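**Student:** Sharing a structure here in structure tokens format.
The values are calculated or read from the model by the stated rules, or taken from the named source; none is laboratory data. Everything numeric here is computed off the predicted structure, so don't read it as measured data. All Cβ positions, glycine included, derive from the backbone under ideal geometry; neighbour counts span all protein chains shown.
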Ligand code: C2E
Ligand code: MG
Ligand code: MG
């Protein structure tokens, strides 16, 4: 049977289809002039190839842009994983990686990195009393100041809360100290939050890495030095030394125990009489806290108040003291013949004054016990009253509005705030023992105390002398016109039963 020779176009048609199917979407099958079925199929296939090519190109564009987006997202994720969202500083992960990089370089013979860990001194008070958004503002300002105080190549990180770290690569002790000093200065400057002007001191722990040290050890040791700096008043920079590690272990045990002690009423209050010097009449008492430690016996405030202040536990401790002291006063008012002016004094520390709930709390206790506010005297230190920022002022005026009296404790130690004395919102000034010690033996000291008393009286305030140990001191103070006093000569701090015994022994309220 004769067959027609095959249409030559069929060959190029098949070839074209194979190429298109193989992915070459630019392939087009040549068209001859003829207008028959084969030509129609070729035209159809070429159209399909056009569409496929367009689709493919669009798809490729989309894939490209998606890939770019993914890459950006990945970079952003990586950045986020290494950045503190609040301050945009490096975070702990980033710091650790910078440290391990620097330590690896040290192993290759470079200078070691230095690590500074710092913690803001009064941040908790700011956060508690002004709210978290003000607290956040403070952290952002601090972050900026830290960054401005160091070089580009240093890593500034926020470790969480009010804790920051700075890693100085290729450093040494002299250089690191210089940076630490610069930071203390930068953070010591006041900052404005809303209408308030506050200052936020800092405690810095400094550790220059030792050869072969791990990141974890370096961080832990800088941290330990920071805690030591915090624990020592007036010390804002502490260089790590191995002895600090032992002290820290002891301290962490004590923190847990103190928390328990507050909850389990292991605290007790001793009361020291405050007397009218001329007559010996008991005007009131000062409540002084003690810790009846199950193993270590009776601990004095100096052994745990600083720790309580540092950890913020002082707020709970202070509430405990206030509540128990005011309840005790109510008890005496009901069961002893104390007169209506008999008062109890309670010591308040800086952190407590910075807590806006203090006023609320005092009000609650007074309401609960029915004790009159004028029978409560709050003792503050001179520096709190003088240097206090807006929050302290708020607390002080709030307490005064309640009717509580304010007293400056330990007057004459360190600060000389003579010019402030007139402006302070206080009622009584308690002259420190160190000024009283020389009375009765040293004439110049007598003149000095006379001048101090004169000054206090000139400011319209009442004076009280503390730490009176001898009859001579008491007599001298009476001659100098000081009306009230307190000290071992009249009575040591005693348990409440001791106060009851005093009242029953004298039959009246006098010593
Ligand atoms: P302060 O408020 O100045 O208390 C006076 C301290 O001097 C008391 O020591 C008291 O026992 C002692 N003292 C009184 N008279 C004499 C004396 O004639 N001679 C000598 N050598 N010492 C005398 P204490 O009880 O150890 O308290 C020490 C400090 O602890 C207090 O100083 C106060 O700043 C703080 N503190 C005590 N209780 C509390 C408290 O409940 N809360 C707070 N925040 N601080 C407290
Ligand atoms: Mg006191
Ligand atoms: Mg005192």
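**Student:** Condition (residue is under 30 Å from residue 332 (Cβ atoms), touching a residue at least 40 places away in the same chain (Cβ under 8 Å) and touching a helix residue (DSSP H, G or I) at 6+ places or on another chain (Cβ under 8 Å)) applied to the range 442-462: is it met by at least one residue?
**Tutor:** no
**Student:** Here's another thing I want to ask about it. State yes or no: is residue 268 more than 10 Å from ligand 1 (Cβ to nearest atom), touching a residue at least 24 places away in the same chain (Cβ under 8 Å) and in a loop (DSSP other than H, G, I, E, B)?
**Tutor:** Spelling it out, it is not the case that residue 268 is more than 10 Å from ligand 1 (Cβ to nearest atom), touching a residue at least 24 places away in the same chain (Cβ under 8 Å) and in a loop (DSSP other than H, G, I, E, B).
**Student:** Please verify whether residue 403 is in contact with a helix residue (DSSP H, G or I) (Cβ under 9 Å, 6 or more places away or on another chain), surrounded by fewer than 21 Cβ atoms within 10 Å (Cβ to Cβ) and at positive phi, treating the condition exactly as stated.
**Tutor:** Details: in contact with a helix residue (DSSP H, G or I) (Cβ under 9 Å, 6 or more places away or on another chain): yes; surrounded by fewer than 21 Cβ atoms within 10 Å (Cβ to Cβ): yes; at positive phi: yes.
Judged against the criteria, residue 403 is a match.
**Student:** Ok, one more. Give the residue that is surrounded by the most Cβ atoms within 10 Å (Cβ to Cβ), with candidates limited to residues of the range 71-98 that are within 19 Å of residue 217 (Cα to Cα) and under 25 Å from the mean Cα position of the chain (by Cα). Explain how you work it out, then say what you get.
**Tutor:** Keep residues of the range 71-98 that are within 19 Å of residue 217 (Cα to Cα), which gives 91-98.
Keeping just the survivors that are under 25 Å from the mean Cα position of the chain (by Cα) gives 91-96.
Values: 91: 19, 92: 16, 93: 13, 94: 18, 95: 26, 96: 19.
Restricting to residues being within 19 Å of residue 217 (Cα to Cα) and under 25 Å from the mean Cα position of the chain (by Cα), the top hit is 95.
**Student:** So which helices (runs of 4 or more DSSP H) are wholly in the range 91-164 and hold at least 2 residues that are over 29 Å from residue 308 (Cβ atoms)?
**Tutor:** 92-107, 132-149
**Student:** Is one or more of the residues making up the range 337-345 crowded, with 17+ Cβ neighbours inside 10 Å, closer than 22 Å to residue 392 by Cα and within 16 Å of ligand 3 (Cβ to nearest atom)?
**Tutor:** yes
Results for (1) within 30 Å of residue 341 (Cβ to Cβ); (2) within 16 Å of ligand 2 (Cβ to nearest atom), shown as yes or no for each residue.
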{"position": "239", "(1), (2)": "no, no"}
{"position": "244", "(1), (2)": "no, no"}
{"position": "248", "(1), (2)": "no, no"}
{"position": "260", "(1), (2)": "no, no"}
{"position": "287", "(1), (2)": "yes, yes"}
{"position": "300", "(1), (2)": "yes, yes"}
{"position": "314", "(1), (2)": "yes, yes"}
{"position": "319", "(1), (2)": "yes, no"}
{"position": "323", "(1), (2)": "yes, no"}
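Here is a yes/no grid of residues against (1) within 16 Å of ligand 2 (Cβ to nearest atom); (2) within 30 Å of the chain's Cα centre (by Cα):
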{"residue": "339", "(1), (2)": "no, no"}
{"residue": "348", "(1), (2)": "yes, yes"}
{"residue": "366", "(1), (2)": "no, yes"}
{"residue": "372", "(1), (2)": "no, no"}
{"residue": "377", "(1), (2)": "yes, yes"}
{"residue": "384", "(1), (2)": "yes, yes"}
{"residue": "428", "(1), (2)": "yes, no"}
{"residue": "438", "(1), (2)": "no, no"}
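**Student:** Tell me the residue from 288, 267 that is touching a helix residue (DSSP H, G or I) at 6+ places or on another chain (Cβ under 7 Å), under 30 Å from residue 501 (Cβ atoms) and in the same structural domain as residue 347 (by TED's automatic domain parsing), please.
**Tutor:** None of the other options fit; the residue is 288.
**Student:** Determine if the range 438-458 includes at least one residue that is buried (at least 20 other Cβ atoms within 10 Å of the Cβ) and within 29 Å of residue 291 (Cα to Cα).
**Tutor:** no
**Student:** Within the range 214-222, can one find any residue that is surrounded by fewer than 22 Cβ atoms within 10 Å (Cβ to Cβ) and part of a loop (DSSP other than H, G, I, E, B)?
**Tutor:** yes
**Student:** Within the range 304-338, which residues are out of contact with any helix residue (DSSP H, G or I) (no Cβ under 9 Å at 6 or more places or on another chain) and either closer than 20 Å to residue 248 by Cα or more than 10 Å from ligand 1 (Cβ to nearest atom) (or both)?
**Tutor:** 334
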